[in-house]
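Below: the structure, in structure tokens.
The values are calculated or read from the model by the stated rules, or taken from the named source; none is laboratory data. Small disclaimer: the values here were computed from a predicted structure and weren't measured. Backbone-built Cβ (ideal geometry, glycine too); neighbour counts: all protein chains shown.
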Amino acid sequence: MKLPNKPLTASWTDEQWRAIYANGQDTLVSAAAGSGKTAVLVERMIEKVVQDKIDVNELLVVTFTNASAAEMRQRLAVALDEALAQATPEDNKHLRRQQALLNKAQISTLHSFCLAIVKQYAYVLDIDPGFRIATEDEVALLKDDALSSLLEQVYQESDMAVFRLIDSFTSDRNDQAIEVLIERLYEMSRVHANPQDWLMSIVNLYEVDGITTVDDLAFTPIIREAMLRRIEAIEALNERFIANSELPNGPFVHATSAQDVAIFTQEARALLEQASWTTLYEFFTKASFKRIATPSKADDVDKTLQKKGTTLYGEMREQLKAIQTSYFVRSEARLLEEMRLMQPMLQTLCELTLRFEQVFSALKRKRGIIDFSDLEHFALAILTQEVDGVTHPSQIALDYKKQFHEVLVDEYQDVNILQETLLQLVKSGDESYGNMFMVGDVKQSIVRP
């Protein structure tokens, strides 16, 4: 990739400059909050329109708030005005055209983009294009109504499997706990392209007949990866802990504690890569960080730096505690036995969740309203078609692929699985030669698995 020369007056860092002009493949810019990621995306958008002479309606720009979308649109409008002020006659026509197209440009939230798709192609799904988006209060009230209606139905059916589930999670006073479980599971399922398949896959994960070790569970590699992320967090904290101890008048005695932590993380890494679950259980249940080394009064240590070191050490301890309490509270045998006992109850819970979805959807249809999750799923249905049991992009999706020269995504860390599927359906190419540009910071993520 050949970069244009960065002007001496440019405020961009070299990394930002490369990101603005990166080309030929999908690009992810990952950086911390306040590092100028969104500014890079906006500058890239401006360069595409002003310098590369791409029509603004050939870009899909997605962000997560209407305010951000409006600001991006405004910044592009200002850039077009500035470019016109010094444009050649040849460029003038292109820039004027962009000003005319700006109000129709697809610079919006992902939900707004989905809304545009559903409004335009409502006939594909045979739904009334006169629907409206429900308010948060309406959705909450309808969910309560759907849950009450569902539980009233299942009580009348006298299904013993349902009674066992409810007795396991509720008190004699009310059904709030089971209602919360159903609603949470419903919300989690909706971020998947096929909620029903996802729910049934959970049940299958708890099928442990014939399994004698946690190592044979399908999701164990994911758990190991999650623990490794915790170990990496401890390593990063330890680096800061060491750096703090080495500052002038820093708590240099903390170096001893840092060495102990380094030995622990090195051993933990090695075990996570190849040791059995039994070995991991023995290692992590016994693991602990010793009491932090304390400077003597004669050491002339800066109290602020000492306090910072103590805080960092405490954060490392919390990371270790999170591993222990999340994965090693139960022995391997007990964990497998509990999974075996939970599997039929989980199946009942997932079946109730599917029934809740049906009741909830019926209430929304009756009122002619949809929620944001419906928007995403309707858009998905429009952008896909099934051929011989295999899902492919529909002709509508292929048309979008042709239309969009580039897909730019702000706050990419907040994109869920379903939204990622939608973006993949309208972008072109794969990662190695795709046309999607993303900026985000995983530490800011509001998405929860």
Exactly one of (1) over 19 Å from residue 245 (Cβ atoms); (2) crowded, with 17+ Cβ neighbours inside 10 Å; (3) at pLDDT below 95 is unmet by residue 284. Its number? (3)
Residue by residue through segment 124-158, note down the ones that are in contact (Cβ under 8 Å) with a residue 12 or more places away in the chain and either farther than 14 Å from residue 356 by Cα or assigned by TED's automatic domain parsing to the domain that holds residue 386 (or both). 124, 125, 127, 128, 130, 131, 132, 133, 134, 138
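Residue-wise test of (1) surrounded by fewer than 18 Cβ atoms within 10 Å (Cβ to Cβ); (2) in contact with a strand residue (DSSP E or B) (Cβ under 8 Å, 6 or more places away or on another chain).
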| position | (1), (2) |
| --- | --- |
| 4 | yes, no |
| 31 | yes, yes |
| 47 | yes, no |
| 50 | no, no |
| 53 | yes, no |
Looking across segment 411-442 at residues that are modelled with pLDDT under 95 and of a type in the set (Asp, Glu), the single one that is nearest to residue 372 (Cα to Cα) is 414
Of (1) more than 15 Å from residue 289 (Cα to Cα); (2) of a type in the set (S, T, N, Q); (3) without any contact (Cβ under 8 Å) to a residue 24 or more places away in the chain, residue 331 fails just (3)
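Taking the condition of being surrounded by 14 or more Cβ atoms within 10 Å (Cβ to Cβ) and part of a helix (DSSP H, G or I), how many residues in segment 169-186 meet it? Explain how you work it out, then say what you get.
Restricting attention to segment 169-186, the residues satisfying the condition of being surrounded by 14 or more Cβ atoms within 10 Å (Cβ to Cβ) are 169-170, 175, 178-179, 181-183, 185-186.
This time we only want the ones that are part of a helix (DSSP H, G or I), so: 169, 178-179, 181-183, 185-186.
Residues flagged as surrounded by 14 or more Cβ atoms within 10 Å (Cβ to Cβ) and part of a helix (DSSP H, G or I) within segment 169-186 amount to 8.
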Mind listing whichever residues of segment 39-77 are within 15 Å of residue 104 (Cα to Cα) and among the basic types (Lys, Arg)? 73
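Determine whether segment 207-219 contains at least one residue that is aromatic (Phe, Trp, Tyr), under 18 Å from residue 335 (Cβ atoms) and free of Cβ contacts under 8 Å to residues at least 24 places away in the same chain. Lay out the reasoning, then the answer.
Step one: filter segment 207-219 for residues aromatic (Phe, Trp, Tyr), giving 219.
Narrowing the set further to residues that are under 18 Å from residue 335 (Cβ atoms) leaves 219.
With the extra rule that they be free of Cβ contacts under 8 Å to residues at least 24 places away in the same chain, the set shrinks to 219.
Yes, segment 207-219 contains at least one residue that is aromatic (Phe, Trp, Tyr), under 18 Å from residue 335 (Cβ atoms) and free of Cβ contacts under 8 Å to residues at least 24 places away in the same chain.
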Might you let me know whether segment 377-396 holds any residue that is at pLDDT 95 or above and acidic (Asp, Glu)? no
Which count do you get for residues in segment 86-104 that are exposed (fewer than 13 other Cβ atoms within 10 Å of the Cβ) and touching a residue at least 40 places away in the same chain (Cβ under 8 Å)? 1
Have a look at 237, 217 and point out the one that is at negative phi and in contact with a helix residue (DSSP H, G or I) (Cβ under 6 Å, 6 or more places away or on another chain). 237
Test each condition in (1) touching a Phe, Trp or Tyr at 6+ places or on another chain (Cβ under 6 Å); (2) in contact (Cβ under 8 Å) with a residue 40 or more places away in the chain; (3) of a type outside the set (S, T, N, Q) for residue 254 and report the one that comes out false. (1)
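Of all helices (runs of 4 or more DSSP H) completely enclosed by segment 188-279, which ones contain at least 3 residues that are under 27 Å from the mean Cα position of the chain (by Cα), outside the structural domain of residue 351 (by TED's automatic domain parsing) and within 17 Å of residue 292 (Cα to Cα)? Step through it out loud before you land on a result.
Working: elements: 195-205, 220-245, 254-274.
Here the list reads 220-245.
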